[in-house]
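Reviewing the structure listed below.
The values are calculated or read from the model by the stated rules, or taken from the named source; none is laboratory data. On a predicted model such as this, the values are computed, not experimentally measured, just so you know. So basically every Cβ, Gly included, is an ideal-geometry build from the backbone, and we count neighbours across all protein chains shown.
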Amino acid sequence: MCGIVGAVADRNVIPILIEGLRRLEYRGYDSAGVAILNGSGQLSRQRTVGKVRVLQEAIEETPVAGHLGIAHTRWATHGAPSERNAHPHISRDGIAIVHNGIIENHEELREELAGLGYEFTSETDTEVIAHRIHHHKQKLGDLFRAVRATVAELEGAYALAVISEDEPDSIILARAGCPVVIGVGTDGNFVASDVAALLPVTRRFIFLEEGDVAEVRRQSIRILDHEGNTARRPVSESALSADAAEKGEYSHYMLKEIHEQPRAVAQTLDERAVGGKLLEAAFGPLATEVFRRTEAVQIIACGTSFHAGVVAKYFVEQIARLPCWVEIASEYRYRNPVVPRNTLFVTISQSGETADTLAALRMAKQAGYLSSLSICNVPESSLVRESDLVLLTRAGPEIGVASTKAFTTQLTALGMLVVALAKFHGTDAERERGLVQRLIEIPALIEKTLHLDGQIRELATRFADKRHALFLGRGQMHPIAMEGALKLKEISYIHAEAYPAGELKHGPLALVDAEMPVIVVAPNNDLLEKLKSNLQEVRARGGELYVFADPDAGISSSEGVTVITMPKHVSHFQAPAVYTIPLQLLAYHCAILKGTDVDQPRNLAKSVTVE
């Protein structure tokens, strides 16, 4: 993996390929490359380690142009980051390929191909596919049939784009488990792993489905499904604009996205919470009947989305009075769960292409759940298309690898789900109006919290030389502490852990000293007095406390205790979304002080489309 771009057009496609790669940089990668059929009809390849700008500079030093090409940004899965492992990979007779995903049976195929005389120049599973396509093309005669024969042998996940010197007017695509789209243009057609890559050249897209193989030419598109039948896939118009993913006045995408949260949350609520009521039809035409029948909820997610799910668990049980379980997708998919009667299966993902979450959804479809619901930010994603019910978070493009606005819009969407479920399980109209009003107030509360940025920037100066940090919260604020710790470690590389504050005496207190800052979220809720006792445990061991506290919490700054006062009148239903904001800002400013790559932290990818 990570980003695929391709083009066949009546103009030089190099600028399209490079711009497409640039627009996919947010996904995370370690190398980049391009293969193009030049004016002589010969395949020309350029690969570099590092950022897309390094590749662009290499092409500027040795200019190349052509009407057919493919390009890729790679995030290492097989073989270390290096030029020889970078995509595109080439086989004999001018066949070039780019690939997202992982081929699980690549070692057996590699051994067989080596026996047939193929030489390997990389450690990747992708080069195996390239040679396999060449092997089949020798027997079958054309690239399309060779790709179909090859993918029939592959085990694992893949999105492929393949070109050949023998067929200078076509790109062959194949998809299983990883997204790939076709951009329909006026002077040619285009391909990519994400619509964002192609927005400068088209807003019209065809989304391939599982098992599809497609032939994309300048003036035509042919698609066969997994059974070999001609498939008619609809052309969709994207609502995204070409400049939706620009930084504007902000230094980093992450900072821009932190400040976009009031608008993103408001957009998520727009037309769905009206007149003190939640419109459950926003989840889909079948939602009313599904919610009425729901007797339990199973939530599946990864990373930041998992933290959102853990917050939701508290409210599903407290407000809707339904049992709720939350599990990490990569763990859930490898056990044989017992499914209680009429359980709603909920998946949460920013991209909608998270491999483990998708696999869990597909497994759940065979496990006897009542229905499936996706909470997702990408309307064209696999998760959305394969779920029975959907609630889109409307966060807009999120480029920074460390999720911010996707998280708060997920919390908002999950709050809407809680209200929708509660409506059918004991909540009266008056309580529904109160809960909906609390949701509608969240954007303004986030806006007020963003005004703390200057104080948090100063606070971050005390963290720049630290190596460890401990985050504490209680109840529904514990997963917010988990999210704060994740943000700090993701972008500043400071090791951070989160614990329920009541668990301190069962181990974490052994770590507390003056060199480990302890960050606490302290809204004014039913657990506040318990939390204060936990803070005393930290101070008694010489720990330095940094507390984000409600103004009525009764916690003030003193020796060893620094208090940042949060906005007034934040209810327990609103607190998770509001109190995560200062933790995002703290992580951001710590990363700036430490000089790390805020938007593209090392070793991480935005959309994890492999297991």
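Structure above, values below:
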read-out: Cβ pairs under 8 Å, 6+ apart, first in the range 462-478 and in the same structural domain as Lys489 (by the TED database), second assigned to a loop (DSSP other than H, G, I, E, B) and among the β-branched types (Val, Ile, Thr); value: Phe463/Ile494; Lys466/Ile494; Arg467/Ile494; His468/Ile494; Ala469/Ile494; Leu470/Val512
read-out: Of all residues making up the range 573-592, the number that are under 10 Å from Phe407 (Cβ atoms) and among the small types (Gly, Ala, Ser); value: 1
read-out: Residues that are assigned to a helix (DSSP H, G or I) and out of contact with any Leu (no Cβ under 9 Å at 6 or more places or on another chain), drawn from the range 450-490; value: Gly454, Gln455, Glu458, Gln476, Pro479, Met482, Leu486, Lys489
read-out: Any hit, the range 326-339, residues being over 28 Å from Gln584 (Cα atoms), surrounded by fewer than 18 Cβ atoms within 10 Å (Cβ to Cβ) and in contact with a Ser or Thr (Cβ under 9 Å, 6 or more places away or on another chain); value: no
read-out: Qualifying residue in the range 150-158 (condition: buried (at least 24 other Cβ atoms within 10 Å of the Cβ) and in contact with a Leu (Cβ under 6 Å, 6 or more places away or on another chain)); value: no
read-out: Matching residues in the range 127-179 - criterion: being closer than 14 Å to Arg92 by Cα, touching a helix residue (DSSP H, G or I) at 6+ places or on another chain (Cβ under 7 Å) and of a type in the set (A, V, I, L, M, F, W, C); value: Val128, Ile129, Ile133, Leu143, Ala146, Val162
read-out: Tally, over the range 491-502, of residues that are surrounded by fewer than 23 Cβ atoms within 10 Å (Cβ to Cβ), part of a helix (DSSP H, G or I) and among the hydrophobic types (A, V, I, L, M, F, W, C); value: 0
read-out: Selection count, the range 163-202, where residues are closer than 24 Å to Gly352 by Cα, among the hydroxyl-bearing types (Ser, Thr, Tyr) and free of Cβ contacts under 8 Å to residues at least 24 places away in the same chain; value: 1
read-out: Yes/no for Lys532 being of a type outside the set (Ser, Thr, Tyr), out of contact with any helix residue (DSSP H, G or I) (no Cβ under 8 Å at 6 or more places or on another chain) and within 24 Å of Arg438 (Cβ to Cβ); value: no
read-out: Among the residues listed as Arg145, Arg203, the single one being more than 21 Å from Gly33 (Cβ to Cβ), surrounded by fewer than 19 Cβ atoms within 10 Å (Cβ to Cβ) and touching a Ser or Thr at 6+ places or on another chain (Cβ under 6 Å); value: Arg203
read-out: Every residue from the range 183-204 that is part of a strand (DSSP E or B), in contact with a Lys or Arg (Cβ under 8 Å, 6 or more places away or on another chain) and closer than 25 Å to Leu43 by Cβ; value: Gly183, Gly188, Asn189
read-out: Any hit, the range 524-539, residues being in contact (Cβ under 8 Å) with a residue 12 or more places away in the chain, touching an Asp or Glu at 6+ places or on another chain (Cβ under 8 Å), surrounded by fewer than 22 Cβ atoms within 10 Å (Cβ to Cβ) and charged (D, E, K, R); value: no
read-out: Matching option when the condition is hydrophobic (A, V, I, L, M, F, W, C) and closer than 22 Å to Glu25 by Cα, among Ala65, Ala80, Ala130, Ala146; value: Ala80
read-out: Test for Val390: is it more than 21 Å from Val598 (Cβ to Cβ), of a type outside the set (Ser, Thr, Tyr) and outside the structural domain of Phe345 (by the TED database); value: no
read-out: Matching residues in the range 550-561 - criterion: being touching a strand residue (DSSP E or B) at 6+ places or on another chain (Cβ under 8 Å), of a type in the set (Gly, Ala, Ser) and either farther than 19 Å from Arg539 by Cβ or surrounded by fewer than 18 Cβ atoms within 10 Å (Cβ to Cβ) (or both); value: Ser556, Ser557, Gly560
read-out: Near pairs, Cβ below 8 angstrom, 6+ apart or cross-chain, from the range 319-330 (on the phi > 0 side of the Ramachandran plot) to any residue that is outside any strand (DSSP E or B); value: Arg321/Ala422; Arg321/His425; Arg321/Gly426
read-out: The range 431-468, residues that are of a type in the set (Ser, Thr, Tyr) and more than 30 Å from Lys277 (Cα to Cα); value: Thr461
read-out: Among the candidates Ala591, Ala587, Ala510, residue that is small (Gly, Ala, Ser), without any contact (Cβ under 8 Å) to a residue 12 or more places away in the chain and closer than 23 Å to Lys489 by Cα; value: Ala510
read-out: Residues of the range 340-372 satisfying the condition of being among the hydrophobic types (A, V, I, L, M, F, W, C) and either surrounded by 24 or more Cβ atoms within 10 Å (Cβ to Cβ) or under 19 Å from the mean Cα position of the chain (by Cα) (or both); value: Leu344, Phe345, Val346, Ile348, Ala355, Leu358, Ala359, Ala360, Leu361
read-out: Residue list for the range 401-422, restricted to those being over 16 Å from Ala312 (Cα atoms) and part of a helix (DSSP H, G or I); value: Lys405
read-out: Residues that are closer than 13 Å to Leu421 by Cβ, modelled with pLDDT of 95 or more and among the aliphatic types (A, V, I, L, M), drawn from the range 280-302; value: Val290, Ala296, Val297, Ile299
read-out: Residue that is farthest from Ser164 (Cα to Cα), among those in the range 69-96 that are more than 25 Å from the chain's Cα centre (by Cα) and touching a residue at least 60 places away in the same chain (Cβ under 8 Å); value: Gly69
read-out: The range 562-596, subset under 15 Å from Val520 (Cβ atoms) and over 27 Å from the mean Cα position of the chain (by Cα), residue surrounded by the most Cβ atoms within 10 Å (Cβ to Cβ); value: Met566
read-out: Subset of the range 407-462 [surrounded by fewer than 23 Cβ atoms within 10 Å (Cβ to Cβ) and of a type in the set (Phe, Trp, Tyr)]; value: Phe424
read-out: Subset of the range 503-520 that is part of a loop (DSSP other than H, G, I, E, B) and of a type in the set (Gly, Ala, Ser) - its residue that is nearest to the chain's Cα centre (by Cα); value: Gly507
read-out: Evaluation of Glu61 against (1) touching an Asp or Glu at 6+ places or on another chain (Cβ under 9 Å); (2) within 30 Å of Asp187 (Cα to Cα); (3) surrounded by fewer than 21 Cβ atoms within 10 Å (Cβ to Cβ) (one fails), failing number; value: (1)
